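S.K.: Okay, here's the structure, questions in a sec.
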Amino acid sequence: MIVTMNSFDLATEKPKPSHFQPRLDELNIKEAWSAWNGYKFAEYYYEVEYEYFCVRNLCGTYDICPMQKYFISGADAERMLNRMVTRDVTKMKNGRVSYVLWCTDEGRLIDDGTIFRLGDEEFMLTCGSPSTAWLKKSCVGFDNLTIRDRSDDYAGLALQGPTSCAVLKKMGLTGIENAKPFTIHHFDFGGKPLMVSRTGFTGDLGYELWIDAEHAVEMWDALYAAGQDYGIHPFGEQATNMLRLEAGFIMPGYEFNEALKTVHFEFDQTPFELNLGWMVDFKKPHFNGRSALVEEARRGPKYTLTKLDIEGNKPADGSFIYNSKRCTTDIGYVTSAMWSPVVKSNIALAMIETPYLNGELWAEINYEKELRQFHKVARCKIQDAPFWSPERARLTPPSDF
Amino acid sequence: MNHYDAVIIGAGHNGLTNAAYLAKAGLDVLVVEKNDYIGGAAVSRELHEGWVYSSCSYVCSMMRQSLHRDLDLSRHGLMLVPYLGTINFADNGDTLSSYHSEEAAYNELKRISRHDADAMFRLQADLTRYSQVIRKTLLRTPPDPASFKPRDIHELLFLAKEFWSLGEKELYEYIRFFTLSAADFLDEYFETDIVKTSMAGAGIIGTALGVYSPGSSYILLHHVMGDVDGSIGAWGLARGGMGAISEAIASALKSYGGEIRTNAGVERVLVKGGKATGVVLENGDIISADIVVSNLDARRTFTKIMEKDDLPPGIYEKAQNYKIRGSSGKVNIALSGLPKFTNVPDNPYVNRGGQAFSGSMETMERAYDCWKRGTWSDDPFIESVIPSAWDPTVAPPGMHWMSNFIQYCPPELADGPWTPEKRDQFGQTVIDKIERYSPGFKDLIVHMEVRTPWEIEQEVGLTEGNIFQGELTIDQLLFNRPFPGFAQYRMPIKNMYMCGSSTHPGGGVSSACGANAAREILMDLRRPNTVPQDDCYDE
């Protein structure tokens, strides 16, 4: 029997093109694609480290079209979000962005994301994973609101790095230099509304640009024309993972396992375990997971996500953490690790059993040299501040480079 | 206060590193610098408004990662950014781009020669193997082969073990390698001239040798053994220019309580009863110190700022004969746009990195012939890089600056000393050559700084403008650097040390000389060592 496959059968197998796809295709000369939420998504375009340095030294763009974008509006929108997330949404002013977490009743983290307050009764919620079902559950009891999933028709592009403000100025976004971190600004882009937020996932100076999908390529072209003399370059998922780790940001699939997708008991995480207790606001009225989190705050988290500076330069990917050099009792595990080229440190995030945080920490690191496997035991130092936190990320107005 | 635990002469990057480590160990240190700016040859200077030149050294790959990390230079503002791709230009108009990605590099080589594309893998493996052995010595004090001290024996055994670990065949090859010329070495791998020339430039940079001179193969290795974040052979730019390196080390030094005094050239090192006791500045100020560290080259240290009578017999002569021949010039050019080069794809990954105008093996050798005759090369080897293509801080947006390193340029001309007119003629030779490969290049020039060995000596203080503070030939390497018997940073005068590139491991912005010297000083003072001894890359 001859088996034939027509293109129709395969259509759903293929990742969907991003709203910027025509431009991404030209630039992804290594054809290094993966997928995110069904969209074609670049692992890298030319070389990971090169893209990483573009962001730390010049500026880069990161396609965030595959992010989920929910527009939540109505008289109950604020109350609904406030019950869903752990931070106090009522304190948010219009035109501000807030990083938020939401949890199960047991206080386990479902996902993290950002809330954009676009008006008194209008919000945009962005997150990495589709959340329609949980949002619907969260609406129980609130009738005066609508949720519009604009994930597929609203384009997002992050512009990150020291020259990013200069590029937006050159692009004609007058006054963008006065945008403070976590604020939203609206511009007229040839008659189309362009929203710009001073937000990002790199720990550096940076912005995110939001526009209706049909104008995405036009905006891209204007941005790249403006950025030509400022070293603009796309960066992919792998560079993003380096950048966010230096900034100390958590990533699903690394630091946390989304609670709704977790099989084993307590193999998901709580905000306190992720060292994000500061984002849990017990002063506000009831919110999802509150009582479980109150209890956890009282007895302390079982694990604590910890920033480590590890001796030597072999990244501690997948390492166990021990409380002595003899490596007899493991007390935690590394979630993300890398050699940081800008900090010149061997950095890692690790989940460590809280009671052991005050003692010695040792990582058993496996590495390979021309196919031969080696391992070493390296001392770890706890670091409190983010590994990378340049002043320009906070300055308003920022400098041109 | 005019008494210090240690005074360091010269605020180049090694002097600053030395001072930083001494200050970190709790010593009260002062660095004195003759110029009104610090950095020596690792310096950024705005000579034309809006453009910041790395006037002398221009790229970086030797900086020891463990020192960078240990002194927390990132926190003090230093960022080293790797740059991609150098294009090699041949006399016949052909080009060869050294792409960063392995596939692209292979395809490009294959375009020239299938044989050489394959042979490149073997060359890279051999150079990496040679590099790894040498790299392990960079942050260690060379052993004294004539000493029976346990430490020297231990270090000799360490060296022997590293060399023996190569295996018998490779050990023979390695020993032979040290004496080979770059051309002979490359002949063993490649068939085509352009592939050889693309590698041979590294064998002559900064050295009064030609590609056919024995010993130039080690110079080649010295230039490829550096790395950026462990990627051996990669080159980086310091964000803000090479001065950013010196500024970051100076900032670390100050954070440990150290001081720097500029406009403070040293007239004489004070010596009493065979011991160094301080320095007299050119303005007459006396600074007394328990320890004096010279970051000047060996010739300048012993023949310019010391009394011949204060030195033990023979040292003055050794310093006079120390091989430190000037052979290079530098032309820094501010450009109103990015130059376009003929026969080069308009690809941002290659045509913005570096350029090597090497011509051919014969052209390079003929350039050396000019130097021997006491003239600058009429068709010189030029190694260029356009830092502004990667660094937004060194030129206005859309404008550029191009660093051009020229081999060869003599310290003195056969028909007499350098004059401003001759210097400008030399500069003209350089831009004429670039214009051949980039028509319209001259129209882009906004400002130009031409530096012959004379300018480099006058401004930086490097004898004859030799960028390595003495040539990197085997007679002046490891335990022979600067002189046999004085390779452990201690000088023939008690309480006096050297910490510049005239000491092991030699030239390049590595900070290793300064750090190694600090370790020896702290040992003599019976203080705990604060200096890392190992780089961890190759474990």
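The values are calculated or read from the model by the stated rules, or taken from the named source; none is laboratory data. Since the model is a prediction, treat every value here as computed from it, not as a measurement. No Cβ is skipped: glycine too gets one built from the backbone with ideal geometry, and neighbour counts run over all protein chains shown.
S.K.: Determine which member of the set B:THR375, B:THR393 is among the β-branched types (Val, Ile, Thr) and more than 14 Å from chain A (Cβ to nearest Cβ).
M.R.: Exactly one residue qualifies, and that residue is B:THR375.
S.K.: For residues that are in contact with a helix residue (DSSP H, G or I) (Cβ under 8 Å, 6 or more places away or on another chain) and part of a helix (DSSP H, G or I), scanning just region B:313-338, find the one that is farthest from B:ILE431 (Cα to Cα).
M.R.: B:ILE315
S.K.: How many residues are of a type in the set (Lys, Arg) and closer than 25 Å to B:ARG239 by Cβ if we restrict to region B:333-390?
M.R.: Within region B:333-390, residues that are of a type in the set (Lys, Arg) and closer than 25 Å to B:ARG239 by Cβ number 1.
S.K.: Quick check, is B:PHE426 touching a Gly at 6+ places or on another chain (Cβ under 9 Å), crowded, with 21+ Cβ neighbours inside 10 Å and more than 22 Å from B:SER198 (Cα to Cα)?
M.R.: yes
S.K.: Sticking with this structure for a sec: Mind listing whichever residues of region A:29-45 are within 14 Å of another protein chain (Cβ to nearest Cβ) and either touching a residue at least 40 places away in the same chain (Cβ under 8 Å) or in contact with a helix residue (DSSP H, G or I) (Cβ under 6 Å, 6 or more places away or on another chain) (or both)?
M.R.: A:ALA32, A:TYR44, A:TYR45
S.K.: Of the numbered conditions (1) more than 14 Å from chain A (Cβ to nearest Cβ); (2) part of a loop (DSSP other than H, G, I, E, B), B:MET63 fails exactly one; give the number of that condition.
M.R.: Condition not satisfied by B:MET63: (1).
S.K.: Failed condition for B:CYS499, given (1) in the same structural domain as B:GLU317 (by TED's automatic domain parsing); (2) surrounded by fewer than 24 Cβ atoms within 10 Å (Cβ to Cβ), with all others met?
M.R.: Against the list (1) in the same structural domain as B:GLU317 (by TED's automatic domain parsing); (2) surrounded by fewer than 24 Cβ atoms within 10 Å (Cβ to Cβ), B:CYS499 comes up short only on (2).
S.K.: From A:GLU78, A:GLU26, A:GLU13, A:GLU51, grab the single residue that is without any contact (Cβ under 8 Å) to a residue 60 or more places away in the chain, within 14 Å of another protein chain (Cβ to nearest Cβ) and not β-branched (Val, Ile, Thr).
M.R.: Checking each option against the conditions leaves just A:GLU26.
S.K.: Of all the residues that make up region B:83-108, how many are within 13 Å of chain A (Cβ to nearest Cβ) and touching a Leu at 6+ places or on another chain (Cβ under 8 Å)?
M.R.: Of the residues in region B:83-108, 3 are within 13 Å of chain A (Cβ to nearest Cβ) and touching a Leu at 6+ places or on another chain (Cβ under 8 Å).
S.K.: From the set of residues in region A:304-318 that are out of contact with any Phe, Trp or Tyr (no Cβ under 6 Å at 6 or more places or on another chain) and crowded, with 21+ Cβ neighbours inside 10 Å, which is farthest from the other protein chains (Cβ to nearest Cβ)?
M.R.: Going through the qualifying residues, I end up with A:THR304.
S.K.: Of all residues in region B:267-306, count the ones that are surrounded by 23 or more Cβ atoms within 10 Å (Cβ to Cβ), among the β-branched types (Val, Ile, Thr) and either touching a His at 6+ places or on another chain (Cβ under 9 Å) or over 18 Å from B:HIS3 (Cβ atoms) (or both).
M.R.: Selection size over region B:267-306: 1.
S.K.: Moving to a separate point now. May I ask you to say which residue of A:PRO285, A:PRO271 is within 21 Å of the chain's Cα centre (by Cα) and of a type outside the set (D, E, K, R)?
M.R.: A:PRO271
S.K.: Hey, another quick one. Would you check if there is a residue in region B:67-78 being crowded, with 22+ Cβ neighbours inside 10 Å, within 12 Å of chain A (Cβ to nearest Cβ), at pLDDT below 95 and in a loop (DSSP other than H, G, I, E, B)?
M.R.: No, that holds for no residue.
Listed here are the residues, each with its yes/no results for (1) away from chain A (no Cβ under 14 Å); (2) over 27 Å from A:ASN313 (Cα atoms); (3) within 22 Å of the chain's Cα centre (by Cα).
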residue	(1), (2), (3)
B:PRO482	yes, yes, yes
B:SER510	yes, no, yes
B:ILE521	yes, yes, no
B:GLN533	no, no, yes
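S.K.: Right, another one. Return the pair list, or none, for Cβ contacts closer than 9 Å from residues in region B:273-295 that are part of a strand (DSSP E or B) to residues that are charged (D, E, K, R) and buried (at least 22 other Cβ atoms within 10 Å of the Cβ), at least 6 apart or on different chains.
M.R.: B:SER294/B:ARG300
S.K.: Out of the residues in region A:360-379 meeting the condition of being within 11 Å of chain B (Cβ to nearest Cβ) and not β-branched (Val, Ile, Thr), tell me which one is farthest from A:ALA348 (Cα to Cα).
M.R.: Residue satisfying both the conditions and the ranking: A:GLU370.
S.K.: Next question, about the same structure. With region A:159-255 as the region, which strands (runs of 3 or more DSSP E) entirely inside it contain at least 3 residues that are within 14 Å of chain B (Cβ to nearest Cβ) and touching a residue at least 12 places away in the same chain (Cβ under 8 Å)?
M.R.: A:232-234
S.K.: Mind counting the residues in region B:188-232 that are in a loop (DSSP other than H, G, I, E, B), out of contact with any strand residue (DSSP E or B) (no Cβ under 6 Å at 6 or more places or on another chain), of a type in the set (Gly, Ala, Ser) and more than 14 Å from every other protein chain (Cβ to nearest Cβ)?
M.R.: Residues flagged as in a loop (DSSP other than H, G, I, E, B), out of contact with any strand residue (DSSP E or B) (no Cβ under 6 Å at 6 or more places or on another chain), of a type in the set (Gly, Ala, Ser) and more than 14 Å from every other protein chain (Cβ to nearest Cβ) within region B:188-232 amount to 5.
S.K.: Ok, one more. Out of (1) buried (at least 18 other Cβ atoms within 10 Å of the Cβ); (2) over 16 Å from the mean Cα position of the chain (by Cα); (3) under 29 Å from A:ASP25 (Cα atoms); (4) not acidic (Asp, Glu), the odd one out for A:MET242 is which?
M.R.: Condition (2) is where A:MET242 drops out.
S.K.: Next question. Is it the case that B:LEU84 is of a type in the set (A, V, I, L, M), modelled with pLDDT under 95 and touching a Phe, Trp or Tyr at 6+ places or on another chain (Cβ under 8 Å)?
M.R.: yes
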